[in-house]
Every structure is written in structure tokens, then in C-alpha cells.
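The values are calculated or read from the model by the stated rules, or taken from the named source; none is laboratory data. Predicted model only: the values in this text are computed from it and were never measured. Here the Cβ is made from the backbone with ideal geometry for all residues, glycine too, and neighbour counts use every protein chain on show. Protein only, heavy atoms only, side chains kept; ligands, DNA and RNA dropped before computing areas. Shrake-Rupley method; radii C 1.70, N 1.55, O 1.52, S 1.80 Å.
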Amino acid sequence: MDDLATYAENTWCLGCGNFGILGAFKKAVRILEEKGTGREKIMISAGIGCHGKIFDYLKLSGLYSIHGRSMATIQGMKIANPDLKVVAFAGDGDAFGEGIAHMIFAAKRNADITIILHDNGVYGLTTGQFTPTSEKGFKGPSTPKGSIEEPLNPLALMLEAKATFVARGYPVKLDHLVDIMVQAVEHQGFSFVDVLQPCVSFNNTYKRYNALVEILDHVPDSYQEAISIAKRQDKLPLGIIYKEEKLPYHKALYGDWNPVTKRMSKEERIKRIEALLSR
Amino acid sequence: MKEEVFTFIVGGKAGEGVRKAGSVTARLFASMGRQVFNMDDYGSLIKGGHNFSVVSTAKRKITSHYINADLVVAPDKRSYDIHKGHLSERGIMVYNYDTVGEAEGVGVPLTTEAKKYPKPDLRIGVGAVATVAAVIGSDKEALRNLIKSEYPRDIENNIAYAMTIYDIVYPKIGNKFQLQRGDKERPIVTGNEAIALGAAAGGLDIYYAYPMTPSSSILHYLAAHDKELGVTAVHPENEIAVMNMAIGSAFAGAKTMVGSSGGGFALMQEAFSLAGMVEAPLLCYLGSRPGPSTGVPTHTAQGDLNFALHQGHGEFARIVASPGSMEEAFYLTAEMLDLVWRFQTPGIILTDKHMAESRVTVDIDAKKTRWPETATHSGGEYKRYLDTENGVSPLLFPPSKELIKWDSYEHDEMGVTTEDPSMIAKMQEKRNRKKKAVADYLTNMHTVNVYGNTGPVILTYGSTTMSVLEALRCREIEAMVVQPVYLEPLPVWELEKYKENSVIVVELSCAGQFASLLAEKVGIQPKAVIKKYDGRPFDPVELASRIKEVV
Ligand SMILES: Cc1ncc(C[n+]2csc(CCOP(=O)(O)OP(=O)(O)O)c2C)c(N)n1
Ligand code: SF4
Ligand SMILES: [Mg+2]
């Protein structure tokens, strides 16, 4: 029995890259448990799209958010109770269309959260429109003559926004992806995992990715090197592209405080209010 | 106007310390045990323009400023010209001789004296305070102490300047208005401070907001006093993040509040509905200014009533309440925090710039508040959306061995997405039952304030209640003022009894939204609707004559 599965019926297309992401994350959770982080402490969230369905398929607590907002949702969870590990599954349309401001700011403030991007270069659930990461010329129902916009580079963008953990994975390289996920969740700060996710129905990229992916043999030790790897076009390097230790947002905000577990007593609070009023 | 009220106006350009001078004068009056109402009229700019601060004081309760002043201090020609028309019959104009020249009133060389010290422009406000002290016969020692505590930067020069101005003013008009001491010294708060402290008293853990007048000062206040109060204040990238973060925090068990004004609140609508769907307890603060759109940022209006009542898409219970005094702002915020947690649905505290930013002496007993009571899970398999009689499901917070799933899609009791027709219907009904549960609960609560017991019935709400009560006081008009504190659900059960009366409605709206609401929900057809929609609150004298006209 798969104790990380729910009774929800899986409705992804056969061969969809999302299956690999789901399988990899379950493995990652089991490894995290072995390493001491119980699943009751791992909160998940998701945007709206094919990717978001992972929320229903995972027997983990959390909040199924709205389109493009899951990264704000999990930041709120983390600020309220920093003892929790929080992970959002986002779509490429979701994260870099609706949610781009949240992505940039979460990285900028080094929020201690993990974003797993189901990067399929397409709006899957709404039947195949181009997304912020689709190649120029991409043909979809809203761009029948081909997209006339340049794509965003999620890795470079997140690096530029001061993300402290940036990685790229590919479900076909499952164990490699699992390892990245474990490290991303363990990272204390903003971690971003761009998962190359083929969409067999609207953007089948298996062949292209299989030919282009290349597992990095080391974690680059400079920001400059990370940027140049993120921008490579000839190859699609996989692995941790950048990692930096930096004070996470909630610690900078309130140190070792925890709003829900260290809450001030009512009596103390009232005393302080009375003091403020009599000033 | 009855002599019992004394009003002071100080005008000037933004950046000259006009508002500060108003608030310091308010302190001076409060320190005499008097009650105070201080309203700032300022523009959406940082330097220049024309700002003024009105401070009215009485020995009794006072719930509005008066626009006609007994003392005006005009540091420049523009202030002189504008506020000449604001002098009461006994009013005295004290003007800056250096900028106005020879004119009617009492000329004082405010600038010449200020130039003896560095940064003369910033000192003019201190001169205004010294003028008030002289005119009301306050002694120099009291003035010295006031300057010391209120202008902590460059204390010695400020004191020296204040003493000089006092000595120039005193021989001319010193002691002209002898203000008696009142019964006791009270704290002064703005409506926003009352709301921030009320939320804290009600158990607030986290406040999220993006700056927007007139809501910003709640964010500023809580950020300044975060450690002291044990409240976390966060200013994220935009209002959409504000609302979604707040819902995430509520999921983790934090008592959370957000705040904004019209435009920012519009950005929160999508997530307001998310709160309705996931059944997140969430308190929202909406401080209105004249709209639509950017409108008039630093002025006042009650034009967002319908917006507040119909916030969000889809069907779910909403609670909307609007306080009619600073004290009520404090208690009601705590009470609303309890309600949104009790019913796990979003609620809105609705005010406007007039209440949010005016400074008033208050009697607040912080102990008269309680922390939210929530239905909590007591064991067995946890179902987030357990179908209950009143629609409210028990809460459980992470970390827990139980599965806790909040879902923006329609869901089953476990919080797993569904498109099953019978489940959809069941959950729609569950959420709908909460509306009735809220209304039933409110039936046993104090939901409508009634002031007075004879005379015509005046229906009003929010900050306008303060204006109406002061209008009646100043002209000794007998009337019954009926103010619903709750607007959604509207306490029709309390309001119905006024259907047969001849009713007057007073509100700060051009369309008359409050009157329409009363007509639609209660069937009240007012004899007259007194409206104002120029961005300024009512003056009690003007309002009193409009009330007299229609009764
Ligand atoms: C505010 C809002 N706008 C639009 C939609 C409709 N919508 C649902 S999913 C989706 C696109 C999803 O694309 P992506 O995020 O890339 O996810 P994928 O389906 O590819 O996994 C859109 C536009 C929505 N749910 N909410
Ligand atoms: S449409 Fe694409 S992304 Fe969606 S389930 Fe099918 S293959 Fe996967
Ligand atoms: Mg996509």
C-alpha cells in the first residue's frame, strides 16, 4: 500500500511528466522522514493547472491554492509557524504569469520555502496556450500563428532575484530529481527547482530533452558560473546550479520567535496594550 | 455654537509640521483633562500644498471637530486667506507677520524669530503650539514640558523659540480663552490605532498589509510595536500577496488580519473568495477614501459600502461591521476577530479616513475583550470539512498526524477535490448554513447602537455617527440616533421597528448606498437623506442645520 497516496482518481494523461514528479516527491518525503523530518511537518500547496492535481494525489497536509498564488500561501504558513517545511507545486503559467511578482519577491526576501516548477512550456489544463516559458513561435489556440514573445528563462530569473537555491531536474532522471528535491526542502531559504516536464498532449518534449539534458558533475561555486549554466542553450544542464547560505526571511523578521507556538499570553498582551494606551 | 467647545486651526504647507502642531495641541488639551477631537485635512503630497489641522475640545464628550475656529494660527498668506472664513464670531486670527504683512488680526513674527535657529521652517509648528498655550492661559512650565516630550529633537532651541513666541503673544491676547480643566486625563488614539490595539487585544498574531491611505497607519503602528505586542507585521509585494499569505497563516493557526483601501481591497477579492471556499478565518480592514479608483487619497467618504457587502465572487458567509466611535473601533475589532474564527469565514471592518486618522480622547478598558473561541478537533479521524449542523467544521492545525487539507476547488469532507453533483450541493449547503449560523448568533449580540429616546429617528453608520451625535449636541436637537454596527448580516430584526417612524438617513455618499440598503433589506423609506460627498466629513453646525431643515 502506498501510504502517501489518497483515494483521488488520477486524471493525468498517460505518459505525462507529472507522474515522475509525483513519484519523485514521494521518494523525497520518505528520505526526509528517514533523516528526521516527519511528514506531518511537510506542508504542500499548489496552483491551478494540471500540475496542481498533485495536491489531491499526495496524502500530505496543506492548502490547494489558486492560480499563481501558492508561493504566497506557503510563505504565510512559514511566517505563522517556522517549524513547518513548506513546498509549493507550481505551473510555468501559474508561477511566471499570474505569480511572477510573488516568485521574484519570495526569492528576493529569501523566504524559507520550496517551489517545484512543473515546467511544461504550456498551459496544460486550459488546453495548450503558450506560457511565459514557451519558445518563440509556439503555436497554441491563443497564438495560432506562433508566439511572438521571447520566453523567460526561469533559472536565470530566479538567480537574478537572489534565490539561494536553484536547481533543474528531469523526471526521466528520477533518482537525480529525488536528490534535488530532498536538498531543496532541507535548504534553509528560498529553493527553486525547475522540473522539465513533458506534456504529451500539448508540448511533447521527451525527445528533445532526452537529447539535451546533461547532469552537472559539480555544484558551481560562483554566481557567475551559475548564471552561465542557467543560460546555456546547447545543453540543458541538470542538478543544483546555485546554493548559498543566507539568513532566511522569517529569522530576519523576528529572530527565534514563532507566532503560533510562542504566542504571548492574553494577560501579558493586555498589560502591554494598557501601557501603550497610557503613554 | 455653545461656548463649551473651543476650536483651534493651524494651517500651512505640507512639511512644516502643521499636523504635528495639531496633535501636540490635542495633547495639551487632553493633559488638562479635557476631551478632544482632532481632524487633519491634508493632500496627497509631501511638500507644499495646503494642510490644516483642526482641534476641538470640550469638558464633555466631543465626537467631531468644528470647522469654525476660536483661534487660527496662519503661518502663511494662503492659510490666512483660507481660514479667515473659518473664524467664529469670537475668533482670533494669529498670523505670521513676516509672510502676511499688515492684516486684520494679531501679527507675530514667527519666521523672524525662527530664523534665529537652524531649520527655521520646521519650527513654525512649535510657534503655533506656543500661541495656543498663551491664548488659553497655560503656564510656561506646562508649555516647556509639552515641548520637551513632543519635540524630542533639538529640545533646547525648540523650548527657547516657544518661550519667545509665548512672550510675544501673551501681552496681546494671553488668557483670552480660559479653558477649564476637565475630569481626567485620557489617552488620545486615532481610529487606526484603536483598531490595531483592538485586534491585538482580541488575540492578533500577524498583520499583513501593503501601504494605502487611510489604512497604512495600522501597518506602521504594528510594525513599530511588534515586539512589545507580540504581533508580527509584514509588508509584502502587493495586496494579492497580502491576502494569500494571510490565508496561509490562518491555515497554520495564526490569528491574522489584513488591511487596505478601495483599490488594494479590489486586488484582494480573488483571495477573499478563496477564504470563503477554504473556510479561512480572516479579518480584513477596509479604510475608505473617495473613489472610484485612485480617487482622493487623503480624504473621506463612505462610498465602499456595497463593495464591502458584496466582496468576493461566489456564495459564502461574509461578516461586515463598521464602528461608530473610536472606543467601538477597539472593541469591535476584537469581537470581529472572534466572529471570523468562530464561523471560519472572512469578515470586514469598514471605516473611512475620518475615523481612521482623526485623533480622539478615549475611555478604553482593554480587559473587556476576549480571544477567539473556535471549534477544535477532539479526536478520531479528522475531516476538515466535516458536515455539521451549523456548517462550521472543527479546526486542526499542523503539525498533526491527521491529514489537514484546505481546498480552493469544491471538495469533499476530507478536503479532496470533487465534481460530484451531490457533494457539490452538500458543500454549497454547508457553507450557506453558516450564513444563518452567523445571523442567529448576532441575534443574541448587541448589533445596533441607539442614542436618545425621543424625537425623529436618524439612521446612520460608521464615522458619520460621530458627526451626527455632535450635531445634535451642539444645537441641542432631540432625536433618536440608530446606528447598525453590523451591516452584513444586517440586523433587520432590530431595525424593523423603525419602519413606521419618519426616518432621516445621514451618510457620506453621493448615491445614498446606506439608504438603499435600508430600503432593500428593512423596507425603510426615509423622509430625507442627508448626504455629503466632497471628501470632507460633516461639520456639526452645518449638519445640525440640515437636520433641522428636514425635521
Ligand atoms: C485567476 C485565474 N485565471 C485563469 C484561470 C484558468 N486557468 C486554470 S489553469 C490555467 C493555466 C495553467 O497553466 P500552468 O500553470 O502552466 O499549469 P499546467 O496546466 O500546465 O500544469 C489557467 C489559465 C484560473 N484558474 N484562475
Ligand atoms: S495535458 Fe499535458 S500536462 Fe496535462 S496531464 Fe496531459 S500531458 Fe500532463
Ligand atoms: Mg504549464
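The distance separating the Cα centre of segment B:187-234 from that of segment B:258-282 comes to 18 Å.
Largest first, the extents of the alpha carbon coordinates of chain B on the three principal axes equal 84, 53, 40 Å.
Here the Karplus curve 6.51 cos²θ - 1.76 cosθ + 1.60, taken at θ = phi - 60°, turns the phi angles of segment B:23-36 into couplings of 5, 5, 5, 4, 4, 4, 5, 4, 5, 8, x, 8, 9, 9 Hz, with x standing for Gly and Pro. Beta bridges per DSSP, both residues in segment B:188-368: antiparallel share near 10 percent.
Solvent exposure of segment B:49-180, expressed per residue, is 43 Å² of accessible area, with all protein chains present and a 1.4 angstrom probe. Averaging Cα coordinates gives a centre for segment B:391-418 and one for segment B:1-48; these two points are 52 Å apart.
Applying both filters, DSSP loop and at most 15 other Cβ atoms within 10 Å, to the trypsin sites (Lys or Arg not before Pro) of segment A:193-250 gives A:Lys231, A:Arg232, A:Lys235, A:Lys246. In chain A, the DSSP-assigned H stretches of four residues or longer account for a calculated mean residue ellipticity at 222 nm of -9500 deg cm²/dmol, using -39500 (n - 2.57) per stretch and the full residue count as denominator. Overall dimensions of the protein assembly as shown, expressed as equivalent-ellipsoid semi-axes from the Cα gyration tensor (√(5λ), whole Å, largest first), are 55, 32, 23. For the residues of B:273-281, the average number of beta carbons from a partner chain within 10 Å of their own beta carbon is 2.
Relative to the longest principal axis of the Cα atoms of chain A, helix A:18-34 runs at roughly 40 degrees. For segment B:99-157, the list of GluC sites (Glu not before Pro) that fall in a loop by DSSP and count at most 14 other C-beta atoms within 10 angstrom reads B:Glu102, B:Glu104.
Quick one: which residues, 5 or more positions from B:Asn449 or on another chain, have an amide H under 5 Å from its amide H? H modelled 1.01 Å from N in the peptide plane, none for Pro or chain starts. Under 5 Å from the amide H of B:Asn449 lie the amide H atoms of B:Gln483, B:Val485, each far enough along the sequence or on another chain. Label sites at B:Arg90 and B:Arg153, each approximated as a point 7 angstrom past Cα along Cα to Cβ, lie 3.8 nm apart. Listed by chain and number, the aspartates and glutamates placed with their C-alpha closer than 18 angstrom to that of A:Lys235 are A:Asp119, A:Glu135, A:Asp194, A:Glu214, A:Asp217, A:Glu225; residues fewer than eight positions away on the same chain are left out. With all protein chains kept in place, the per residue accessible area of segment B:375-445 amounts to 47 square angstrom at a probe of 1.4 angstrom. Relative to the dominant Cα principal axis of chain B, helix B:239-251 is inclined by about 50°. For segment A:1-102, the C-alpha radius of gyration sits at 1.06 times the compact-globule guess of 2.2 N^0.38 Å, with N the residue count.
Think of each Lys and Arg Cβ as +1 and each Asp and Glu Cβ as -1; about the Cα centre, that makes the dipole of the protein assembly as shown roughly 1200 debye. Interface burial in segment B:198-231 reaches 40 Å² or more for B:Asp205, B:Glu228, B:Leu229, B:Gly230, comparing the full protein assembly with the chain by itself; accessible area from heavy atoms with a 1.4 Å probe.
Semi-axes of the equivalent ellipsoid of segment B:188-368 are 21, 19, 15 Å, computed as sqrt(5λ) over the eigenvalues of the C-alpha gyration tensor in descending order.
Annotation: for a label point projected 7 angstrom from Cα along Cα→Cβ of A:Cys13, residues of segment A:44-75 with backbone N closer than 14 Å are A:50-51. Look at the stretch A:256-269: the mean tally of other chain Cβ atoms within 10 Å of its residues' Cβ atoms is 5. In plain terms, if you count all Cα to Cα distances in segment B:448-550 and split them into 5 Å steps from zero, the share in each step is 2, 13, 27, 28, 19, 9, 2 percent. Placing pseudo-labels 7 Å out from each Cα toward the beta carbon at A:Ser142 and A:Val200 gives an inter-label distance of 2.6 nm.
Averaged over residues, the count of other Cβ atoms within 10 Å places the peptides B:440-452, A:6-18 in the sequence A:6-18, B:440-452, highest first. Packing, as the average of other Cβ atoms within 10 Å across residues, places the peptides A:214-225, B:407-418 in the order B:407-418, A:214-225, highest first. With helices as the sole contributors, chain B gives -12000 deg cm²/dmol at 222 nm; each DSSP H run of n ≥ 4 counts as -39500 (n - 2.57), and the sum is divided by every residue.
Once backbone amide H atoms are built at 1.01 Å from N, B:Val457 has B:Met480, B:Ser502, B:Ile504 as its partners under 5 Å, excluding neighbours fewer than 5 places away on the same chain. Going from the chain on its own to the full set of protein chains, segment B:410-432 has these residues losing 10 Å² or more of accessible surface (heavy atoms, 1.4 Å probe, no ligands, DNA or RNA): B:Asp412, B:Met414, B:Val416, B:Thr417. At a Förster distance of 51 Å, what's the computed FRET efficiency of B:Ser545 paired with B:Ile424, Cβ-Cβ distance as r, to 0.05? Computed FRET efficiency for B:Ser545 and B:Ile424: 0.35. For the chain pair A and B, buried accessible area totals roughly 4700 Å², probe 1.4 Å, rounded to the nearest 100.
Across the accessible surface of segment B:412-462, with the other protein chains kept in place and a 1.4 Å probe, carbon and sulfur atoms take up 53 percent. Most simply put, chain B has about 40% antiparallel DSSP beta bridges, counting only bridges with both residues inside it. When Rg and the Kirkwood Rh are both derived from Cα coordinates, the Rg/Rh ratio for segment A:112-230 amounts to 0.98. Multiplying the residue separation of B:Thr112 and B:Asn444 by 0.36 nm and removing their Cα-Cα distance gives an extension gain of 113.1 nm. Rounded if a/c is under 1.5, else prolate if a/b beats b/c, else oblate: with a ≥ b ≥ c from the C-alpha gyration tensor eigenvalues square-rooted, which is segment B:5-173? Judged from the Cα gyration tensor, segment B:5-173 comes out rounded (a/c under 1.5). Using only Cα atoms, tell me the angle between helix B:191-201 and the longest principal axis of chain B; keep it within 0 to 90° and round to the nearest 10. Its long axis makes an angle of about 50 degrees. With Cα atoms defining each centre, segment B:465-526 and segment A:88-141 are spaced 50 Å apart in the structure. In order along segment B:152-158, the Karplus-derived 3J(HN,Hα) couplings, from 6.51 cos²θ - 1.76 cosθ + 1.60 at θ = phi - 60°, round to x, 7, 6, 4, 4, 5, 5 Hz, and Gly and Pro are given as x. Estimated from the Cβ-Cβ distance and a Förster radius of 56 angstrom, the FRET efficiency linking A:Glu160 and A:Lys266 is about 0.80.
Quick one: work out the % antiparallel among DSSP beta bridges in the protein assembly as shown, nearest 5. Within the protein assembly as shown, antiparallel bridges account for around 30 percent of the total.
Per residue, the Cα convex hull of segment B:75-178 amounts to 96 Å³.
In this simple spin-label approximation, A:Lys207 and A:Thr127 carry label points 7 Å from Cα along the Cα→Cβ vector, and these lie 2.6 nm apart. Each peptide in A:52-60, B:27-35 receives the mean, over its residues, of other Cβ atoms within 10 Å, and ordering these scores from highest gives A:52-60, B:27-35. Within segment A:18-253, the percentage of alpha carbon pairs spaced more than 24 angstrom apart rounds to 39%. Sites listed here are GluC sites (Glu not before Pro) in segment B:1-93 whose DSSP assignment is loop and whose Cβ has at most 15 other Cβ atoms within 10 Å: B:Glu3, B:Glu4. Across the cross-link table entries A:Lys173/A:Lys207; A:Lys53/B:Lys255; A:Lys162/B:Lys405, which are compared at the Cα atoms, the separations over 22 Å belong to A:Lys53/B:Lys255; A:Lys162/B:Lys405.
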